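S.K.: Before we start, here is the structure in question, set down as structure tokens.
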Amino acid sequence: MTVVASLPLAPGALPLLGHAVPLVRRPLDFVSSLPAHGGLVRIRMGTRSVVMVCDPQLTRQVLLNDSVFDKGGPLFERGREVAGNSLLSCPHDMHRRQRRLCQPAFHTDRFPGYNVAFADLAENLAKSWQDRQIVDVTEALTRLTAEVAVETMFARSLPASIASQILDDFIILSEGIFRRAVTPSTLNRLPVPANRRYRRALTRLKSTVFEIIAARRSATTDHGDLLSSLANAVDPDSKGGRYSLSDEELVDQVIIFLYAGSDTTAAAVAWALHLLAQRTDLDILLYEEARKALRDTPLVLVDPNSLEMANRVLAESLRMYPPAWLTTRTVASDTELGGVVLPAGTIVGYSPYLVHRLPDLYKEPDTFDPDRWLSPPADRSAYIPFGAGARKCIGDRFGMAQAALILTAIISRWRLIPAGGRPVRAAAKVTLMPKGLHMRVLARERPY
Ligand code: HEM
């Protein structure tokens, strides 16, 4: 059996910084280069060593064995700074109870209400654009999905100033988490403006959410939003005593739901628009679908699952640019993976991006081809934009429904063409975002 120390170390590590430079500057090239060194490869995040899993079957083993490959590693440590032991970041032994309490918020019955928020806010954005205007698409969608997250979490119960303050804090945090995860903790403690801004946003966001929850606890009305479902959740295993999420747990869940659902969905739609701009034939097909769907039905009443082309375009965008592109785990007890002994405490990384671009799994993996999804891959380890196993994304249908309605609202009104002089590049925050995605919006010739 091989030991971790004998695994190959990816080239380009610097003292103290490790692989922070390639991870931040050219993240996709960096992770794509790893399989050439083997099925398991060491990288350095700051001073920490991470074993990157570069093989799809081994990745699946990691994801399915969530008691041994538990949540942990630099990304989750930073995540816990923001949202404690929320559903996303909690260890295995806390997870089952939390998942049961959170699951009803994503029950099919609640979707028509969420769809109203998705459709209304998406249409507001699409209607606000002027013909031939240049839009920073990533920025517009990041704000839109953050607004959707706030609205679906709190219905329309918040004063505009509070909602906008939550949005601002939350954008600062999402920008800071990845940077802080890949740089050494000593740098994160320095009293420089970026660190101060991050701390301030975190403190303010937590106290605002606490106040909102305190107000909500005093009434048991179901507002149809995520918060009502979470606040009223009952643990079926409980025999008397505490049966719901405590206030502290609720604050953490609220923050993580705001956080986990918005940048990811914004990225999915932004990449889709970027890819569509290079394929006019597909853009036209999508427009035809949108026109047909909206001929007699307002967007709020369109079933997102019926938007077949939009869903295929999004599935393919999520393959090429999975928003949660790199994630970590910590080995809870000594184990073995692919013939290598991993002692407890080893940090393991997996990357949906890396898996989705493997030529053994996808013919011409760098080609945008939504038709692949006419018959999805038989190999379940091949497509993991939402992870897999017990820790699979709880908001997958919520994110896809939202993304399909946003895409339809935009495509039905506008054709988007590249307008930036510079090439679009992938920026690695926790979420993989297209940066410099400046697009000109052109009114569609035919009104629907
Ligand atoms: C296109 C959109 C989305 C993508 C690509 C995405 C991706 C993911 C991935 C890959 C994971 C697993 C992370 C891991 O293995 O460590 C995850 C988990 C999670 N996601 Fe999403 N997500 C999306 C939308 C959402 C939405 C809309 C919400 C909430 C409203 C959400 C909430 C969560 C939560 C709470 C978890 C943790 C689940 C658990 O551990 O039980 N996500 N997501």
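The values are calculated or read from the model by the stated rules, or taken from the named source; none is laboratory data. Everything numeric here is computed off the predicted structure, so don't read it as measured data. Here the Cβ is made from the backbone with ideal geometry for all residues, glycine too, and neighbour counts use every protein chain on show. Accessible surface areas use protein heavy atoms only, side chains included; no ligands, DNA or RNA. Shrake-Rupley method; radii C 1.70, N 1.55, O 1.52, S 1.80 Å.
S.K.: How many residues are open to solvent by 80 Å² or more (accessible area, probe 1.4 Å) and not aromatic (Phe, Trp, Tyr) if we restrict to the range 193-213?
M.R.: Qualifying residue count for the region: 8.
S.K.: Moving to a separate point now. Under the condition of being charged (D, E, K, R) and assigned to a helix (DSSP H, G or I), which residue from the range 145-192 is surrounded by the fewest Cβ atoms within 10 Å (Cβ to Cβ)?
M.R.: ARG189
S.K.: Of the numbered conditions (1) within 13 Å of the ligand (Cβ to nearest atom); (2) in contact (Cβ under 8 Å) with a residue 60 or more places away in the chain, GLY113 fails exactly one; give the number of that condition.
M.R.: Every condition holds for GLY113 apart from (1).
S.K.: Out of the residues in the range 116-145 meeting the condition of being within 21 Å of PRO434 (Cβ to Cβ) and charged (D, E, K, R), tell me which one is farthest from the ligand (Cβ to nearest atom).
M.R.: This residue is ASP136.
S.K.: Now a separate question. Select from the range 421-448 the residues that are in a loop (DSSP other than H, G, I, E, B) and in contact with a strand residue (DSSP E or B) (Cβ under 8 Å, 6 or more places away or on another chain) and write down the one among them that is nearest to VAL31 (Cα to Cα).
M.R.: Filtering the range 421-448 for residues that are in a loop (DSSP other than H, G, I, E, B) and in contact with a strand residue (DSSP E or B) (Cβ under 8 Å, 6 or more places away or on another chain), the one nearest to VAL31 (Cα to Cα) comes out as VAL424.
S.K.: Which residue is surrounded by the fewest Cβ atoms within 10 Å (Cβ to Cβ), if the candidates are limited to the range 106-130 and must be polar (S, T, N, Q) and assigned to a helix (DSSP H, G or I)?
M.R.: It comes out as THR108.
S.K.: Okay, next question. State all residues of the range 3-47 that are surrounded by 13 or more Cβ atoms within 10 Å (Cβ to Cβ), out of contact with any helix residue (DSSP H, G or I) (no Cβ under 6 Å at 6 or more places or on another chain) and in a strand (DSSP E or B); if no residue qualifies, say none.
M.R.: LEU9, GLY18, LEU40, ARG42, ILE43, ARG44 - these are the residues of the range 3-47 that are surrounded by 13 or more Cβ atoms within 10 Å (Cβ to Cβ), out of contact with any helix residue (DSSP H, G or I) (no Cβ under 6 Å at 6 or more places or on another chain) and in a strand (DSSP E or B).
S.K.: Can you work out which of the residues in the range 391-420 that are outside any loop (DSSP other than H, G, I, E, B) and near the ligand (Cβ under 7 Å from one of its atoms) is nearest to THR328 (Cα to Cα)?
M.R.: Filtering first and then ranking leaves ARG391.
S.K.: Got a sec? Which of ALA268, ALA277 is within 21 Å of the chain's Cα centre (by Cα), within 30 Å of PRO423 (Cα to Cα) and surrounded by 14 or more Cβ atoms within 10 Å (Cβ to Cβ)?
M.R.: ALA268
S.K.: For the range 313-351, what are the residues that are charged (D, E, K, R) and surrounded by fewer than 20 Cβ atoms within 10 Å (Cβ to Cβ)?
M.R.: Those that are charged (D, E, K, R) and surrounded by fewer than 20 Cβ atoms within 10 Å (Cβ to Cβ): ASP334, GLU336.
S.K.: A further question follows. From the list LEU40, LEU34, LEU7, LEU23, exactly one residue is modelled with pLDDT under 90 and closer than 16 Å to TYR350 by Cβ. Which is it?
M.R.: LEU23
S.K.: I'm checking my understanding of the structure. Among residues of the range 81-92 that are closer than 19 Å to TYR350 by Cα and either among the hydroxyl-bearing types (Ser, Thr, Tyr) or more than 8 Å from the ligand (Cβ to nearest atom) (or both), which one is least open to solvent (accessible area, probe 1.4 Å)?
M.R.: Ranking the candidates gives SER89 first.
S.K.: Any residue in the range 220-232 that's over 11 Å from LEU250 (Cα atoms) and open to solvent by 20 Å² or more (accessible area, probe 1.4 Å): show its pairings with residues that are not polar (S, T, N, Q) and not in a loop (DSSP other than H, G, I, E, B) at Cβ separation under 6 Å, as long as the two are six or more apart or on different chains.
M.R.: Pairs that qualify, where the first residue is over 11 Å from LEU250 (Cα atoms) and open to solvent by 20 Å² or more (accessible area, probe 1.4 Å) and the partner is not polar (S, T, N, Q) and not in a loop (DSSP other than H, G, I, E, B), are GLY224/GLY113.
S.K.: While we're looking at this one, here's another question. Confirm whether ARG60 is basic (Lys, Arg), under 30 Å from ARG357 (Cβ atoms) and more than 17 Å from the chain's Cα centre (by Cα).
M.R.: Considered against the rule, which asks whether it is basic (Lys, Arg), under 30 Å from ARG357 (Cβ atoms) and more than 17 Å from the chain's Cα centre (by Cα), ARG60 comes out as yes.
S.K.: Anything in the range 97-131 that is among the basic types (Lys, Arg) and over 20 Å from the mean Cα position of the chain (by Cα)? List them, or say none.
M.R.: Hits for the range 97-131 are ARG97, ARG100, ARG110, LYS127.
S.K.: Ok, one more. Only residues that are more than 22 Å from CYS54 (Cβ to Cβ) and open to solvent by less than 40 Å² (accessible area, probe 1.4 Å): list them for the range 355-371, please.
M.R.: If the condition is that a residue be more than 22 Å from CYS54 (Cβ to Cβ) and open to solvent by less than 40 Å² (accessible area, probe 1.4 Å), then PHE368, PRO370 are the ones that fit.
S.K.: For the range 127-145, does any single residue satisfy the condition of being without any contact (Cβ under 8 Å) to a residue 40 or more places away in the chain and closer than 16 Å to MET400 by Cα?
M.R.: Taking every residue of the range 127-145 in turn, none turns out to be without any contact (Cβ under 8 Å) to a residue 40 or more places away in the chain and closer than 16 Å to MET400 by Cα.
S.K.: Answer yes if at least one residue in the range 285-304 is within 16 Å of the ligand (Cβ to nearest atom) and either over 28 Å from ARG78 (Cβ atoms) or buried (at least 21 other Cβ atoms within 10 Å of the Cβ) (or both), and no otherwise.
M.R.: Yes; the residues of the range 285-304 include at least one that is within 16 Å of the ligand (Cβ to nearest atom) and either over 28 Å from ARG78 (Cβ atoms) or buried (at least 21 other Cβ atoms within 10 Å of the Cβ) (or both).
S.K.: Could you please find all residues in the range 52-81 being among the aliphatic types (A, V, I, L, M), assigned to a helix (DSSP H, G or I) and more than 19 Å from ILE255 (Cβ to Cβ)?
M.R.: LEU58, VAL62, LEU63, LEU64
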